[in-house]
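Step one of this worksheet: look at the structure below.
The values are calculated or read from the model by the stated rules, or taken from the named source; none is laboratory data. From a predicted model like this one, the values you see are computed outputs, not experimental measurements. Reconstructed Cβ throughout: ideal geometry from the backbone, glycine too, with neighbour counts over all protein chains shown. Each accessible area value is taken on the protein alone, full model and side chains, heavy atoms only, with ligands, DNA and RNA left out. Shrake-Rupley method; radii C 1.70, N 1.55, O 1.52, S 1.80 Å.
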Amino acid sequence: MSKEIPLWEVFIRSKNGLEHRHCGSLHAEDAEMALNNARDVYTRRNEGVSIWVVESKHITASNPQDSGELFEPAADKVYRHPTFYELPDELKHM
Amino acid sequence: MSEAEIKSLEAQFEAKIANDEKIEPKDWMPEKYRKTHIRQISQHAHSEIVGMLPEGNWITRAPSLRRKAALLAKVQDEAGHGLYLYSACETLGISREELYNQLHTGAAKYSSIFNYPTLTWADMGAIGWLVDGAAIINQVPLCSTSYGPYARAMVRVCKEESFHQRQGYEIMLSLCNGTEEQKQMAQDALNRWWWPSLMMLGPEDKDSVHTEQSMKWKLKRKTNDELRQQFIDQTVPQADILGLTIPDPELKWNEEKGGYDFGPIDWDEFWQVVKGHGPMNKKRLDDRRNAWEKGKWVRDAAMAYAQKQNERKNKQAI
């Protein structure tokens, strides 16, 4: 093989009303073949009603080394959660 | 990175695994973890792919359309399982081409069970029942292994695998409820597949070089001997229902341990097959290489087509 066959990420919507979820990847020469392959590889048992494929090289991912600065600040912002606020017991349904 | 930094990363890594957290592709991991996973996941993928061959042998000769459709679907699943696993393996930084190359040159191993021939239709029953049965026992614990992509692939594989075993058992059941000759055929298949199925669960714990490390990384959650005992205990009653005899005169229920005692396994045979001297090793690899080489023009054509379409699209855009 002279050239690597491109890698694609596959996302499946299992039924209308739900989001597409990443389910795996596969190799295919172009988008159309990637869709066809995804149908055979990932939806043999009615797992989906819609497929997205995107070439893996187009995905920009955060680096696990940056997880601290990206995600830790949210941890000390408890006031973003409803349970932070102290309200009287008489108050129901809020 | 300094040695101290690596040590600290290693400590964090081990703590994560001990805490049942998953490791994902871009996370730092020790080189040995990466290599061990590449070895195991690729062996697993190769086993799925080579595993299609013994059964492919019977697709055109299935006794009914129902059996044929089921066998086709099973073999197609195995292709799918191979693909999930190759993808998972590639996330560790090895290319698909290199993985295939390792299989085709004999550098990588696949499950030794596929180096036995499938002589009669009953072998389709015995493989589904025993080989897939043993595979399930091996695979279920892997659904919670520490490497995320592998664990996710295994969840998918396990979901699909139970149909494989049930269709195999149903084939055995039909044969056992058939003529005397058909029942004999089922017994003969059990006789030939029983011991290789036990060997398939791997060398005994005392001879297994990878077990300890793999247990620590949760790449293995039960030892080979535990898995083998589980397989035997679950399979013997299934053989009783079929009215077949397990080909082991020493097989006996042991009340005290709550499991069966069984006779010695011929490990010389196992190592012979692993080293390439099984009845079908050469044929299996030849078939794989052939399929790869003869399929080259299809891959080339698909690549050329994709390129041409792309150029055409670019031209229209101008």
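Of all residues in segment B:49-63, count the ones that are open to solvent by 60 Å² or more (accessible area, probe 1.4 Å) and without any contact (Cβ under 8 Å) to a residue 60 or more places away in the chain.
2
How many of the residues making up segment B:1-48 are open to solvent by less than 20 Å² (accessible area, probe 1.4 Å) and within 14 Å of chain A (Cβ to nearest Cβ)?
Counting residues in segment B:1-48 that are open to solvent by less than 20 Å² (accessible area, probe 1.4 Å) and within 14 Å of chain A (Cβ to nearest Cβ) gives 6.
Starting from segment B:113-125, keep only residues that are acidic (D, E), then list their pairs with residues that are buried (at least 24 other Cβ atoms within 10 Å of the Cβ) whose Cβ atoms are within a distance under 9 Å, requiring at least 6 positions of separation or different chains.
Listed by first residue and then by second, the contacts come to B:D123/B:A189; B:D123/B:W193.
Within segment B:64-85, track down each residue that is open to solvent by less than 30 Å² (accessible area, probe 1.4 Å) and closer than 15 Å to A:C23 by Cβ.
The answer is B:G80, B:H81, B:Y84, B:L85.
What are the residues in segment B:284-310 that are in contact (Cβ under 8 Å) with a residue 40 or more places away in the chain and open to solvent by 70 Å² or more (accessible area, probe 1.4 Å), if any?
Scanning segment B:284-310 gives a single hit, B:R289.
From B:W28, B:W58, grab the single residue that is over 22 Å from the mean Cα position of the chain (by Cα), hydrophobic (A, V, I, L, M, F, W, C) and on the phi < 0 side of the Ramachandran plot.
B:W28
Considering each residue of segment B:138-155, count those that are hydrophobic (A, V, I, L, M, F, W, C), modelled with pLDDT of 95 or more and surrounded by 21 or more Cβ atoms within 10 Å (Cβ to Cβ), and give that number.
2
Return a yes/no flag: does segment A:55-65 have any residue that is touching a residue at least 40 places away in the same chain (Cβ under 8 Å) and out of contact with any Pro (no Cβ under 9 Å at 6 or more places or on another chain).
Checked against the condition, which is being touching a residue at least 40 places away in the same chain (Cβ under 8 Å) and out of contact with any Pro (no Cβ under 9 Å at 6 or more places or on another chain), segment A:55-65 yields at least one hit.
Would you confirm, using the coordinates I've provided, whether B:A186 is in a helix (DSSP H, G or I), among the small types (G, A, S) and within 13 Å of chain A (Cβ to nearest Cβ)?
No.
Hey, among the residues in segment B:174-191 that are charged (D, E, K, R) and free of Cβ contacts under 8 Å to residues at least 40 places away in the same chain, which one's most open to solvent (accessible area, probe 1.4 Å)?
B:E181
Looking only at strands (runs of 3 or more DSSP E) that fall completely inside segment A:1-78, which ones have 3 or more residues that are open to solvent by less than 70 Å² (accessible area, probe 1.4 Å) and at the interface with chain B (Cβ under 10 Å from one of its Cβ atoms)? Steps first, answer last, please.
Numbers: elements: A:7-13, A:20-27, A:50-55.
Strands (runs of 3 or more DSSP E) meeting the threshold: A:7-13, A:20-27.
Would you be able to tell me the number of residues in segment B:192-216 that are open to solvent by less than 60 Å² (accessible area, probe 1.4 Å), more than 17 Å from the chain's Cα centre (by Cα) and free of Cβ contacts under 8 Å to residues at least 60 places away in the same chain?
Summing the residues that are open to solvent by less than 60 Å² (accessible area, probe 1.4 Å), more than 17 Å from the chain's Cα centre (by Cα) and free of Cβ contacts under 8 Å to residues at least 60 places away in the same chain in segment B:192-216 gives 3.
Taking segment B:78-112, which residues are more than 10 Å from every other protein chain (Cβ to nearest Cβ) and assigned to a loop (DSSP other than H, G, I, E, B)?
Answer for segment B:78-112, where residues must be more than 10 Å from every other protein chain (Cβ to nearest Cβ) and assigned to a loop (DSSP other than H, G, I, E, B): B:L92, B:G93, B:I94, B:T105, B:G106, B:A107, B:A108, B:K109, B:Y110, B:S111.
Here is a check on your reading of the model: is A:K92 open to solvent by 60 Å² or more (accessible area, probe 1.4 Å), outside any loop (DSSP other than H, G, I, E, B) and over 26 Å from B:V155 (Cβ atoms)?
Against the criterion (open to solvent by 60 Å² or more (accessible area, probe 1.4 Å), outside any loop (DSSP other than H, G, I, E, B) and over 26 Å from B:V155 (Cβ atoms)), A:K92 does not qualify.
Can you tell me which residue among A:A61, A:A75 is at pLDDT below 95, within 14 Å of the chain's Cα centre (by Cα) and of a type outside the set (S, T, N, Q)?
The match here is A:A61.
Of the residues in segment B:231-245, how many are free of Cβ contacts under 8 Å to residues at least 60 places away in the same chain, open to solvent by less than 60 Å² (accessible area, probe 1.4 Å) and not in a helix (DSSP H, G or I)?
Residues flagged as free of Cβ contacts under 8 Å to residues at least 60 places away in the same chain, open to solvent by less than 60 Å² (accessible area, probe 1.4 Å) and not in a helix (DSSP H, G or I) within segment B:231-245 amount to 0.
Give the residue, chosen from B:A70, B:A45, that is in contact with a Leu (Cβ under 6 Å, 6 or more places away or on another chain) and under 22 Å from A:R45 (Cα atoms).
Exactly one of B:A70, B:A45 is in contact with a Leu (Cβ under 6 Å, 6 or more places away or on another chain) and under 22 Å from A:R45 (Cα atoms), namely B:A45.
Looking only at segment B:31-70, how many residues end up being outside any helix (DSSP H, G or I) and of a type in the set (S, T, Y)?
Number satisfying all stated conditions: 2.
Collect the residues in segment B:8-30 that are under 12 Å from B:T145 (Cα atoms) and either in a helix (DSSP H, G or I) or touching a Pro at 6+ places or on another chain (Cβ under 8 Å) (or both), keeping them in residue-number order.
B:I17, B:A18, B:E24 - these are the residues of segment B:8-30 that are under 12 Å from B:T145 (Cα atoms) and either in a helix (DSSP H, G or I) or touching a Pro at 6+ places or on another chain (Cβ under 8 Å) (or both).
Any residue at all in segment B:301-315 that is away from chain A (no Cβ under 14 Å) and at pLDDT below 95?
yes
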